[in-house]
């Protein structure tokens, strides 16, 4: 079956479909010329088909097309980027970089805190 990825801006996420059924998603937040990837999930029924990698490649290609800098708070996206150096141009410039575990990113009224193993969004600082 063929998969495809669509942007669902009302839910702030990209969704991957396989055989017409939503198989997973990656949540994001956009701010100016940056996009933060917060969480990726693939339904276990669709596991082992490479859909997570296909989703990562698709959303990063879209970020490149829109000339966005990527904040890979999601550990899956961060790990995928480490394995695919051809996407390093999407990272923040060195003067704006900080280790992910030290970075907080203001999302409107929410603060995203990135830890060494995961990132999460909350309505107040944790």
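Going residue by residue through segment 41-52, is there one that turns out to be modelled with pLDDT of 95 or more and in a strand (DSSP E or B)?
yes
Could you tell me whether any residue of segment 84-95 is within 19 Å of residue 7 (Cα to Cα), part of a loop (DSSP other than H, G, I, E, B) and at pLDDT 90 or above?
No: segment 84-95 contains no residue that is within 19 Å of residue 7 (Cα to Cα), part of a loop (DSSP other than H, G, I, E, B) and at pLDDT 90 or above.
Filter segment 15-40 for residues that are more than 12 Å from the chain's Cα centre (by Cα) and either at pLDDT below 95 or part of a helix (DSSP H, G or I) (or both) and give the result.
The initial filter retains those residues of segment 15-40 that are more than 12 Å from the chain's Cα centre (by Cα), namely 16-24, 31-33.
Of everything in segment 15-40, those that are more than 12 Å from the chain's Cα centre (by Cα) and either at pLDDT below 95 or part of a helix (DSSP H, G or I) (or both) turn out to be 19, 20, 31, 32, 33.
Do the conditions hold for residue 70, that is, is it outside any helix (DSSP H, G or I), farther than 18 Å from residue 4 by Cβ and in contact with a helix residue (DSSP H, G or I) (Cβ under 7 Å, 6 or more places away or on another chain)?
Values: outside any helix (DSSP H, G or I): yes; farther than 18 Å from residue 4 by Cβ: yes; in contact with a helix residue (DSSP H, G or I) (Cβ under 7 Å, 6 or more places away or on another chain): yes.
Against the criterion (outside any helix (DSSP H, G or I), farther than 18 Å from residue 4 by Cβ and in contact with a helix residue (DSSP H, G or I) (Cβ under 7 Å, 6 or more places away or on another chain)), residue 70 qualifies.
The values are calculated or read from the model by the stated rules, or taken from the named source; none is laboratory data. Since the structure is predicted, the reported quantities are computational estimates derived from the model, not experimental observations. Ideal geometry is used to build each Cβ from the backbone, glycine not excepted, and the neighbour counts take in all protein chains shown.
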